[in-house]
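Trainee: This is the structure I want to talk about, given as structure tokens.
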Amino acid sequence: MTETTSTAADKRGAATRGALDEFVQALSRLIDENPSEGRVLAEAGRLLAALVAHDDWLPAAFAVAGPEHYRQYPLYIDPHARFSVISFVWGPGQKTPIHDHTVWGLIGMLRGAECSQAYHFAGPDRLVASGKEVRLVPGQVEAVSPSIGDIHLVRNAYEDRDSISIHIYGADIGQVKRSTYGLDGRRKGFVSGYSAVQ
């Protein structure tokens, strides 16, 4: 590698770390104030929107799609598990089952597009769609929470390319006990964990 190329790579790496570091520091300061959930969703949502407005900071290792299933890479886990920042990478046509989160969350679209369909219970044995499917494009942010709607299915909007979204959750989401759902309301517990960086 030439000195010029190496210097350029070093600068890009510094810029990459800088954008994420600044975001994490600002989010940490916000969480330190023990704000209401409404304030978190509003202010952290603005921070996330600013982060995903630029697609030049995510390291390539955290942008690799899986051949069969979406991947979720931890970008930052708060030492006290107060929040986590995750890169979700969707291969063509990949989707989640219907699932919940049990904590507040924010989804910011970085690259490509994804579609989210919310669900709610219309009785103990019936899960139904809530409104129309929402399509997120780069720069847009959507919120989830048990207080505003926490059950949804998410899919890559594209059948021929990868999509990447950046998620923030009010816990170490890879360790949280959550559920997937059938349309009959049956739930199945799971803990997502994280994808290994290759």
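Trainee: Quick check of the Kirkwood formula: for the chain, what is the inverse mean of 1/r over all pairs of different Cα atoms, in Å?
Mentor: 17.5 Å
Trainee: Okay, next question. Can you compute the modelled spin-label distance between residue 188 and residue 55, with each label point 7 Å from Cα toward Cβ, in nm?
Mentor: 3.3 nm
Trainee: About the Cα centre of the chain, how large is the charge dipole given +1 on each Lys and Arg Cβ and -1 on each Asp and Glu Cβ? Please answer in debye to the nearest 20.
Mentor: My answer is approximately 420 debye.
Trainee: Seen from all sides and averaged, what is the projected area of the convex hull of the Cα atoms in the range 110-151, in nm²?
Mentor: 3.4 nm²
Trainee: Counting pairs on different chains as well as pairs 8 or more places apart, how many Lys pairs in the chain have Cα atoms under 29 Å apart?
Mentor: Here the count comes out as 6.
Trainee: Also, I was wondering about something else. Normalised by the number of residues in the range 79-179, what is the relative contact order in percent for Cα pairs under 8 Å and 6+ residues apart?
Mentor: Over the range 79-179, the number comes to 49 percent.
Trainee: For the range 3-190, build the charge dipole from Cβ charges (+1 Lys, Arg; -1 Asp, Glu) around the Cα centre, then report which of 181, 77, 53 sits farthest towards its positive end.
Mentor: Of the listed residues, the answer is 181.
Trainee: Suppose R0 equals 30 Å; then what is the FRET efficiency for residue 36 and residue 160 from their Cβ-Cβ distance, rounded to the nearest 0.05?
Mentor: 0.10
Trainee: Placing one identical point scatterer on every Cα of the range 45-135 and ignoring solvent, what is log10 I(q)/I(0) from the Debye formula at q = 0.10 Å⁻¹?
Mentor: Evaluating at q = 0.10 Å⁻¹ gives log10 I(q)/I(0) of -0.33.
Trainee: Which residue, chosen from 102, 123, 136, occupies the Cα position most advanced towards the positive end of the dipole of the range 3-190, where the dipole is computed from +1 (Lys, Arg) and -1 (Asp, Glu) charges on Cβ about the Cα centre?
Mentor: Farthest towards the positive pole: 123.
The numbers here are math on the coordinates, done by the rules we state, and not lab data. Since this is a predicted model, take the numbers as computed values, not measurements. Methodologically, a virtual Cβ is constructed for each residue, glycine included, from the backbone with ideal geometry; neighbour enumeration extends over all protein chains shown.
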